[in-house]
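Single-structure report; data block below.
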Amino acid sequence: MRRPRRLPGRKAWFRAGAILWLLLLLTQIYRWSSTSLRDREWPRVNGPTTIRVRLGAAGPAPWTLRRARSRSEEAGLLGDVLPTEAPLIRIETRKGHLHVGGRDMGREFVLDVPEPGVEIDVNGKTLIYHGRLAFSAEPDARPVLTLPLEDYLAQVLPREMPISYPEAALEAQAIAARSYAAAQVLRTRRRAFDVVDDEFSQVFGSVDHRTPRARSIVNATRGIVLSYGGRVLPGFFSANCGGHTRPAGDAFGGKTSPPLSGVPCAGCGWSKDFRWSTRVPLSTAVRRLGLSSRPDQVRVHHFEGDPWRSSLVFELGGSRSSISARRLRRALGRRRIRSLRLKGASLQHGDLILSGRGFGHGVGLCQQGARGYAERGWSAEDILSHYYPEAVLAILAP
Ligand SMILES: [Zn+2]
């Protein structure tokens, strides 16, 4: 039997279609590779290659260290202090001196730890670090880790943004975090450390938090920072801006530079942090806020010109008590009071009901907004130029 004639024609169409699709794909791949952030020419800006992190998570002395397991054991690690058959080392303070494995090492002790690192046991958790670890006999001192800035970022990125977020959002986050870190190093050269390892700087995880995706994103943006006026711009960021980012000067005091002056954000409305509400038992509120009695009424007072500056005004049987949003957040916790941008307050059935917008300080990049924009097809560069207007991408040069 003969096949109908039009079949080969259809095949040819399919073939042509497939070739066209392949060409489009190749063009796209070429565009992606040729516009990859790292391969572009950027202006240079002065900045560091290493950073010193105060390891608050490691707790105070004594510290118990153990060689981290690795496929290929690094010979010599801890070797001069620690015989290989006893892979545990204890660092403790006695009469103002550090005693390492029983030996008096004076007031300071520095350990160079190559990969795979050293494990520190603290409160039943095991943290892993590599880099230069400095221990001090000062009361309440924490170890300070010096490590390459890019290694630091690979341990920050997965703690600061869900690693499942779109690539453009993660790249923007990596650049913002690098800019923040570099600016801190430049600012704090004379102190014993540049950043802390929690949200007061940026959350720095143990080596085991680092994922292949985090490494690859950090690598794809290696050395790239935000700059303004020829200097590294501190790339502040927060979880959710509630619809408009906050001028840096309003949040932290001091002068606000144009890239940190605040912009509208249409990317973060999808999140439950955009518009939040919380219910606090009135007895808890009275106790934690130090009110003299149970309030009869409550309202939010807004200060003009800054929606992030607000306070709660309680009516207490003839007297009035005003509590700033900042104090409220400290007293009730940052999980409950997600931002200082209060919207409403009421009393219902023995509970204090509070509502607000956003999560965090609201300055700079809005992380959930970055995800929203990335899902609409924005690139990391688009996202950064939106949140930091007038900032210029640059490459760190020592
Ligand atoms: Zn936002």
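Any residue in the stretch 148-164 that is in the same structural domain as Q202 (by TED's automatic domain parsing) and of a type in the set (V, I, T) sitting within a Cβ distance under 8 Å of a residue that is in a helix (DSSP H, G or I) and surrounded by fewer than 20 Cβ atoms within 10 Å (Cβ to Cβ)? List the pairs, counting only those 6 or more apart or interchain.
Close Cβ pairs satisfying both conditions: I163/R213.
If you go through the stretch 196-208 one residue at a time, do you hit one that is small (G, A, S) and modelled with pLDDT of 95 or more?
Here is the first cut: in the stretch 196-208, the residues small (G, A, S) are 201, 205-206.
Now drop any that are not modelled with pLDDT of 95 or more, which leaves none.
No, the stretch 196-208 has no match at all.
Counting just the residues of the stretch 336-379 that are away from the ligand (no atom under 16 Å from the Cβ) and small (G, A, S), which one comes out surrounded by the most Cβ atoms within 10 Å (Cβ to Cβ)? Full working, then the answer.
Our first condition is that a residue be away from the ligand (no atom under 16 Å from the Cβ); within the stretch 336-379, this holds for 336-337, 342, 344-355, 377, 379.
Remaining after also requiring small (G, A, S): 344-346, 350, 355, 377, 379.
Details: G344: 12, A345: 21, S346: 13, G350: 9, S355: 15, G377: 9, S379: 16.
Only one residue tops the list, namely A345.
Give the residues of the stretch 47-88 that are at pLDDT below 95 and not in a loop (DSSP other than H, G, I, E, B), sorted by residue number.
Residues satisfying the conditions are G56, A57, A58, W63, T64, L65, R66, R67, L88.
Which residues, taken from the stretch 253-277, are in contact with an Asp or Glu (Cβ under 9 Å, 6 or more places away or on another chain) and within 9 Å of the ligand (Cβ to nearest atom)?
Across the stretch 253-277, the qualifying residue is only G267.
Cβ-Cβ distance below 7 Å, separation of 6 or more or different chains: which pairs start in the stretch 340-360 with a residue that is free of Cβ contacts under 8 Å to residues at least 60 places away in the same chain and end on one that is of a type in the set (A, V, I, L, M, F, W, C) and within 16 Å of the ligand (Cβ to nearest atom)?
Short answer, once both residue conditions are applied: L340/W308.
So G333 fits all but one of (1) under 29 Å from A169 (Cβ atoms); (2) in contact (Cβ under 8 Å) with a residue 60 or more places away in the chain; (3) surrounded by fewer than 14 Cβ atoms within 10 Å (Cβ to Cβ); (4) not assigned by TED's automatic domain parsing to the domain that holds T245; what number is the exception?
G333 satisfies all of (1) under 29 Å from A169 (Cβ atoms); (2) in contact (Cβ under 8 Å) with a residue 60 or more places away in the chain; (3) surrounded by fewer than 14 Cβ atoms within 10 Å (Cβ to Cβ); (4) not assigned by TED's automatic domain parsing to the domain that holds T245 except (2).
Given the criteria hydroxyl-bearing (S, T, Y) and loosely packed, with under 15 Cβ neighbours inside 10 Å, does S311 qualify? Write out each step before concluding.
Numbers: hydroxyl-bearing (S, T, Y): yes; loosely packed, with under 15 Cβ neighbours inside 10 Å: no.
Considered against the rule, which asks whether it is hydroxyl-bearing (S, T, Y) and loosely packed, with under 15 Cβ neighbours inside 10 Å, S311 comes out as no.
Out of the residues in the stretch 233-252 that are of a type in the set (G, A, S) and either over 15 Å from Q173 (Cα atoms) or assigned to a loop (DSSP other than H, G, I, E, B) (or both), state the one that is farthest from the ligand (Cβ to nearest atom). Steps first, please.
Going through the stretch 233-252, the residues of a type in the set (G, A, S) turn out to be 235, 238-239, 242-243, 248-249, 251.
Filter once more, keeping what is either over 15 Å from Q173 (Cα atoms) or assigned to a loop (DSSP other than H, G, I, E, B) (or both): 235, 239, 242-243, 248-249, 251.
Working: G235: 15, A239: 9, G242: 7, G243: 6, A248: 15, G249: 19, A251: 15 Å.
Here the answer is G249.
Does P143 satisfy being assigned by TED's automatic domain parsing to the domain that holds T64 and either within 16 Å of R54 (Cα to Cα) or touching a Cys at 6+ places or on another chain (Cβ under 9 Å) (or both)?
Working: assigned by TED's automatic domain parsing to the domain that holds T64: yes; either within 16 Å of R54 (Cα to Cα) or touching a Cys at 6+ places or on another chain (Cβ under 9 Å) (or both): yes.
The answer is yes for P143.
Which residue pairs have Cβ atoms closer than 7 Å, lie 6 or more positions apart in sequence or on different chains, and pair a first residue in the stretch 267-286 that is in contact (Cβ under 8 Å) with a residue 12 or more places away in the chain with a second residue that is aromatic (F, W, Y) and buried (at least 17 other Cβ atoms within 10 Å of the Cβ)?
Partner pairs satisfying both residue conditions: G267/Y373; C268/F274; D273/F359.
Restricting attention to the stretch 199-232, which residues are outside any loop (DSSP other than H, G, I, E, B), touching a residue at least 60 places away in the same chain (Cβ under 8 Å) and surrounded by fewer than 19 Cβ atoms within 10 Å (Cβ to Cβ)? Please lay out each step first, then the result.
Going residue by residue through the stretch 199-232, those that are outside any loop (DSSP other than H, G, I, E, B) are 207-209, 212-220, 224-228, 231-232.
Among the residues that remain, those that are also touching a residue at least 60 places away in the same chain (Cβ under 8 Å) are: 207-208, 214-215, 217-220, 224-228, 231-232.
Across the stretch 199-232, the qualifying residues are D208, R215, N219, A220, R231.
The values are calculated or read from the model by the stated rules, or taken from the named source; none is laboratory data. The structure displayed is predicted, hence computed values, not measured ones. For neighbour counting, all protein chains shown are included, and Cβ atoms are generated from backbone atoms with ideal geometry for every residue, glycine included.
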